[in-house]
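Written below as structure tokens is the structure these notes are about.
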Amino acid sequence: MNRSATQEILSSDAFTGRHIDGAVRLSREASWPHRPEDWKLVHSVSTGVVALNGDDVVGTALRSDFGDVSTLSMIIVDARMRGRGLGRKLMAQMMDGTDARELRLVATADGLPLYEKLGFQAVGEILQHQGIAKAATPERAVEEVDAVEAADLMSFTTLDLAASGMDRGALLTRIAGIGTVFRAEGGFAMLRPFGRGQLVGPIVARDAVTARALIAAAASRVEGQFLRIDMPMNVAEPQFVESLGLSHVGGGTAMVCGPKSRPTSEHKTFALAAQALG
């Protein structure tokens, strides 16, 4: 890609399917594991903007609206185009018109200063664990759901909304369609292809015992395969997932702008659907 100042013609456009290949290139350059299929999943429940240098994708940002909460994600600027305020411009476009919504994102260390300037506040840490999965016996009975029916998806969406404050029925339907669903008394988990292997999340559960049972069922399902899980630190089970072969490899900072009050719930989110999707 030619970067000479005289030949740069920067523009922006709505993110569409034709930008996926360029977006994958950006994420790979940032050492993110996202495949085209992973970008497509996020984009399927999002709107977005892309920065272009001619026909080349040099920046991306997506926003997923889940009821009165929106998640901002896939905020990437080509390393050779940084320092010009491009990331701020992309964020501003995604934040425009969202005053009534709570905005959430998971920040990298590089992005944290920008998000703080835009009004985001840190509210916790996300722990990323991954590795070759080992089988384990669940502490509680877990059922693997072969064919997820509408009633099941509705019940999962209700639990997810109570735990996260996000109305993600469309997202859960898409994940269930490409992955495996596990159900236990008081919770559920979803497992799907992602990046280098599989990702388990979201995991919504009433208590840690149920969460561990769901994680164990997912790990056993993909024993010997690469598995990733992203857990909020306040409910994380790091020792347990390490016993399943999943090492701590980093994570990010959970941030919120314009937080809204909502009812408390006995159910909690023990693993994210993705850092991009909460």
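Structure above, values below:
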item: Residue in the stretch 141-158 that is in contact (Cβ under 8 Å) with a residue 60 or more places away in the chain and out of contact with any strand residue (DSSP E or B) (no Cβ under 6 Å at 6 or more places or on another chain) present; result: yes
item: Answer residue from the stretch 36-84, given it is part of a loop (DSSP other than H, G, I, E, B) and more than 17 Å from Asp13 (Cα to Cα) and is nearest to the chain's Cα centre (by Cα) among those; result: Val45
item: Failed criterion for Pro138 (all others in (1) out of contact with any Asp or Glu (no Cβ under 8 Å at 6 or more places or on another chain); (2) surrounded by fewer than 19 Cβ atoms within 10 Å (Cβ to Cβ) hold); result: (2)
item: Exclusive hit being farther than 24 Å from Met255 by Cβ and β-branched (Val, Ile, Thr), set Val45, Val69, Val24, Val49; result: Val24
item: Residue in the stretch 104-111 that is in a loop (DSSP other than H, G, I, E, B) and surrounded by 23 or more Cβ atoms within 10 Å (Cβ to Cβ) present; result: no
item: Given (1) over 14 Å from Leu26 (Cα atoms); (2) in the same structural domain as His19 (by TED's automatic domain parsing); (3) not acidic (Asp, Glu), index of the condition Thr60 fails; result: (1)
item: Candidates Ala151, Ala147, Ala170, Ala189 - the one that is of a type in the set (A, V, I, L, M), outside the structural domain of Met95 (by TED's automatic domain parsing) and part of a loop (DSSP other than H, G, I, E, B); result: Ala147
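The values are calculated or read from the model by the stated rules, or taken from the named source; none is laboratory data. Fair warning: this is a prediction, and the values are worked out from it, not measured in the lab. Virtual Cβ from ideal backbone geometry, glycine too; neighbours counted across all protein chains shown.
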